[in-house]
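A.B. asks: Before anything else, here's the structure in question.
The values are calculated or read from the model by the stated rules, or taken from the named source; none is laboratory data. Computed from a predicted structure; not experimentally measured. Glycine gets a Cβ as well: all are built from the backbone with ideal geometry, and neighbour counts include every protein chain shown. Surface areas here come from the heavy atoms of the whole protein model, side chains and all, with no ligands, DNA or RNA. Shrake-Rupley method; radii C 1.70, N 1.55, O 1.52, S 1.80 Å.
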Amino acid sequence: MTHILAIETSCDETAAAVVVDGRRVLSNRVASQIEMHRRFGGVFPEVASRQHILAIQTVIREALDEAGVVRVADLDAVAVTHGPGLAGSLLVGVNAAKGLAFAAGLPLIPVNHLEGHVYSNWADMPGNPGAADEFPVLVLIVSGGHTELVLMTGHGEYRLLGRTLDDAAGEAFDKVARLLGLGYPGGPAIQKAAERVALGRFSLPRPLLRSGEHRFNFSYSGLKTAVLNLTRQLVKAGSDPTEPVTAAEIAAEFQAASVDVLVEKTADAAQEFGARQVCICGGVSANRPLRLAAQERFAGLGIPLHIPAFALCTDNAAMIGAAAYYRQQRAGLGSFCDLGVDVHASLGIGD
Ligand code: KG4
Ligand code: ZN
């Protein structure tokens, strides 16, 4: 059995986990900085790095204790996110991981954060068994920083089919929520507001939905601008777009447009490439209407769908431990003895 301690600090969650054989999650601790960033309405890189420094030791200690790991040297490897993300934040996790690996004489496995999101689908959580090893898998990564459609032809083998041409989906949720005075982070705030109202008072576009050249690409800045224009029209007509019911109605339309585009493009790609299963991951995959719409669409197509348990949708370290396991299985643990790991703020996947 391979026990991996994984560390994740790419954005605003300080996270550590112990994962066995890439699937069994023994512990999954996350210290969120949301309350800190709520005050500023977004993530300030300098603040994020400092918060990671303050939290990391405790988070790692808790993850080890919860997993019953007495000594770091009892593990088989340390894994850490080395990109993409905020450079200053990534450095905190990478340096902590280097220190532990050096002191305990363990291999150090650098993991791409996006590959981590993909492998959140393989980690087992109670009531949510991991995905099957049946390829090709069509993966939709949909988070605060990324919106990517990736064809996975085997473990660690990715082909980028399409991506956002401008804003990421989660970023658009955050910006639209700010515009409507709904708070931060925007995704959960929009979901909650939308639950209280019916659709139909406003209408918003579905960008690039039937676009030949951009069939598998996304655009969220256009949708965000459509919301901005709508709020301006309302102000001109003498009404307040941040009035709770109006804001909720706009939020609901924005969420419906986002979900339609995400589900339709994923279904289109899954059929085009003969996917044997579909995985959806990243912070936005926590969105309930998206989960329900995807379940219905893929049940109709007869393609198995996997969406991680809620705790594995937003940033966490269990997904990094899962990805690290499958990485070392391909390359061998012995190939990870170099501690000279650097951070890569704009690392991609499959391109
Ligand atoms: O994966 P993640 O934790 O961090 C990145 O790698 O970016 O994703 C964070 C994003 C934020 O933009 C947040 O608003 C969005 O995920 N999010 C949601 C929901 N929960 C989190 N978006 C829509 N609905 C949700 N329930
Ligand atoms: Zn993420």
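A.B. asks: Using DSSP to call loops (not H, G, I, E or B), can you name the chymotrypsin sites (Phe, Trp or Tyr not before Pro) in the stretch 180-284 whose Cβ has at most 13 other Cβ atoms within 10 angstrom?
C.D. replies: Taking the stretch 180-284 and a limit of 13 other Cβ atoms within 10 Å, no loop chymotrypsin sites (Phe, Trp or Tyr not before Pro) are found.
A.B. asks: Now, a different point. Most fluctuating residue of Ser203, Ser32, Ser221 in a GNM of the chain with Cα springs under 10 Å: which is it?
C.D. replies: Among Ser203, Ser32, Ser221, the largest GNM mean-square fluctuation belongs to Ser203.
A.B. asks: How far is helix 244-272 tilted, in degrees, relative to the longest principal axis of the Cα atoms in the chain, given as a value from 0 to 90 rounded to the nearest 10?
C.D. replies: Result, in degrees: 60.
A.B. asks: What is the Cα centroid distance between the stretch 47-79 and the stretch 4-29, reported in whole angstrom?
C.D. replies: 9 Å
A.B. asks: Moving to a separate point now. Restricting to DSSP H runs of at least four residues, report the calculated mean residue ellipticity at 222 nm for the chain, -39500 (n - 2.57) per run over all residues, nearest 500 deg cm²/dmol.
C.D. replies: Helix contribution divided over all residues of the chain: -13500 deg cm²/dmol.
A.B. asks: Could you check how much of the accessible area of the chain is carbon and sulfur, as a whole percent, using a 1.4 Å probe?
C.D. replies: Roughly 53 percent of what the probe reaches on the chain is carbon or sulfur.
A.B. asks: So for the stretch 137-307: antiparallel DSSP bridges make up what percent, rounded to the nearest 5?
C.D. replies: 60 percent
A.B. asks: Convert each backbone phi in the stretch 138-153 into a coupling constant with the Karplus relation 6.51 cos²θ - 1.76 cosθ + 1.60 (shift: θ = phi - 60°), then list the ³J(HN,Hα) values in order as whole Hz, x for Gly and Pro.
C.D. replies: Karplus-based 3J(HN,Hα) across the stretch 138-153 equals 8, 10, 9, 9, 9, 9, x, x, 9, 9, 9, 9, 10, 9, 9, 9 Hz.
A.B. asks: While we're here: Going from the alpha-carbon gyration tensor of the stretch 137-307, what semi-axes, largest first and in whole Å, does one get by taking the root of 5 times each eigenvalue?
C.D. replies: Semi-axes (√(5λ), whole Å): 30, 15, 14.
A.B. asks: Over the stretch 1-56, with a single point scatterer placed on each C-alpha, what log10 of the ratio I(q)/I(0) does the Debye formula yield at q = 0.15, 0.25, 0.31 1/Å?
C.D. replies: The Cα Debye sum returns log10 ratios of -0.48, -0.89, -1.18.
A.B. asks: Further question on the same structure: Would you mind getting the accessible area per residue of the chain, heavy atoms of the protein chains only, 1.4 Å probe, in Å²?
C.D. replies: Accessible area per residue, the chain: 41 Å².
A.B. asks: Where does the chain land on the Kirkwood hydrodynamic radius, alpha-carbon pairs, in angstrom?
C.D. replies: One over the average 1/r among Cα pairs gives 20.6 Å for the chain.
A.B. asks: Only bridges with both residues in the chain count here: give the DSSP antiparallel percent, nearest 5.
C.D. replies: If I count the DSSP bridges inside the chain, around 60 percent turn out antiparallel.
A.B. asks: On to the next question. Under a 10 Å cutoff between Cα atoms, tell me which one of Ala17, Ala168, Ala103 has the largest fluctuation in the Gaussian network model of the chain.
C.D. replies: Taking springs between Cα atoms under 10 Å, the residue moving most is Ala103.
A.B. asks: Let me check the size of the stretch 75-164 from its C-alpha atoms; what are the radius of gyration and Dmax in Å?
C.D. replies: Rg and Dmax of the stretch 75-164, Cα atoms, are 15.1, 42 Å.
A.B. asks: Choose one answer from Ala97, Ala318, Ala189: the residue with the largest mean-square fluctuation in a GNM of the chain with alpha-carbon springs under 10 Å.
C.D. replies: Ala189
A.B. asks: Over the chain, calculate the relative contact order: mean separation of alpha carbon pairs under 8 Å at least 6 apart, over the residue count, as a percent.
C.D. replies: Value for the chain: 26 percent.
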